[in-house]
Number of protein chains: 2
Amino acid sequence: MELFNRRGYDATSMGDLAKELGLTKPAIYHHVAGKEQLLSLALDDALDELTAVVAEASRERAGTTAHERLREVVRRSVEVLVAHQPSVTLLLRVRGNSPVELAALERRRWLDDRLAALVADAVKEGALRDDVPPALVSRLLFGMVNSLVEWYRADGAYDTATVAGAITTMAFDGLARHGFQAS
Amino acid sequence: MELFNRRGYDATSMGDLAKELGLTKPAIYHHVAGKEQLLSLALDDALDELTAVVAEASRERAGTTAHERLREVVRRSVEVLVAHQPSVTLLLRVRGNSPVELAALERRRWLDDRLAALVADAVKEGALRDDVPPALVSRLLFGMVNSLVEWYRADGAYDTATVAGAITTMAFDGLARHGFQAS
């Protein structure tokens, strides 16, 4: 996954992968049918985790509001992105150049649709403002979450909880200091 | 730029470019020294625009606050991303695999540093909350802006002003409805 991310999937050959892994090409082919199967396994790693998180958040249940479940799915998405950064990075760069990539895009669309529906529910229950289109809010909110894969370093300045807290604070409460009036 | 984005820069050959453009390879080489010069021109297209916007926002001047200049740089960045979507997309995918890419990353770092300084100034003047690290705010805010390149369509549901408005509303004022208390 790291080599695919560094060099681009299409530009990476099985020979490159063998060299990176210190294996022979036949040794890799002993385990997988080819490069596309490796991509498929990597994308499933990301998609299975994200699907579990979004399915759980989409499940209406007594005692929770859509607003609470939306905050929770933001927090848990950040955890998945940090724990599965290489596979999520690969997933977010998929363009649909093959059947495997198209299938991954299809699963991403399901996630996007569920998240947009959750935002719409939180607006309907009155918790979120209704002057910004829910589908646009969902795009931007999870665009912010997904941007993590480009710069987050597990050994960097911020732990997962700090990042998740910063995202929910900014997105739900806003950066502006209450009561402050610009001159 | 579109072919680089669709297939990945490293996987695109001069032969692919000639075919896409309906030209012969010698016809392309008549104008540019090679693929890397095309990449360099494309990255400069994005970087020159973004640098102008950020330099203007960074310039302290009478009658403006850092908070106002930060909101303005968000709005103008959205305009640049929409007007230069192919070159900004390419820029955001650069990994540093060549001297041209490393030079582009260096220019991106300057932009990131100026934006982080602007957020810090807005916190210092008291306009923005001080309980989230300014460098993290800057990453997330412009991560949200940059996410546009992945899904924005000029012929889609939202015009530039709607998107810029949604981002500043969410980031500065927050999505939560004031006065609403979750049960």
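None of the figures in this text is laboratory data; all of them are computed from the coordinates on show. The structure displayed is predicted, hence computed values, not measured ones. Neighbour counts run over all protein chains shown; Cβ positions are idealised from the backbone, glycine included.
What to note about this one:
- Applying the condition of being part of a helix (DSSP H, G or I) and in contact with a Leu (Cβ under 7 Å, 6 or more places away or on another chain) to segment B:115-142 and asking which residue is nearest to the other protein chains (Cβ to nearest Cβ) yields B:137.
- Filtered by the rule that a residue be loosely packed, with under 14 Cβ neighbours inside 10 Å and within 14 Å of chain B (Cβ to nearest Cβ), segment A:5-52 gives a lone residue, A:13.
- Taking segment A:6-29 as the range and being in contact with a Leu (Cβ under 7 Å, 6 or more places away or on another chain) and of a type in the set (A, V, I, L, M, F, W, C) as the test, the residues that pass are A:17, A:28.
- Among the conditions (1) more than 8 Å from every other protein chain (Cβ to nearest Cβ); (2) in contact with a Phe, Trp or Tyr (Cβ under 9 Å, 6 or more places away or on another chain); (3) part of a loop (DSSP other than H, G, I, E, B), the only one that residue A:111 does not satisfy is (3).
- Residue identified as within 26 Å of residue A:127 (Cα to Cα), loosely packed, with under 14 Cβ neighbours inside 10 Å and among the acidic types (Asp, Glu) among A:79, A:2, A:60: A:60
- Each residue in segment A:2-47 was checked for being assigned to a loop (DSSP other than H, G, I, E, B) and farther than 17 Å from residue B:97 by Cβ, and 8 pass.
- As a summary of the residue check, residue A:104 satisfies the conditions (1) within 12 Å of chain B (Cβ to nearest Cβ); (2) touching a residue at least 24 places away in the same chain (Cβ under 8 Å); (3) over 16 Å from residue B:168 (Cα atoms) except for the one numbered (1).
- From the list A:70, A:90, A:23, the lone residue that is in contact with a helix residue (DSSP H, G or I) (Cβ under 6 Å, 6 or more places away or on another chain), more than 17 Å from residue A:148 (Cβ to Cβ) and among the aliphatic types (A, V, I, L, M) is A:70.
- Given (1) within 14 Å of chain B (Cβ to nearest Cβ); (2) touching a residue at least 60 places away in the same chain (Cβ under 8 Å); (3) not charged (D, E, K, R), index of the condition residue A:57 fails: (1)
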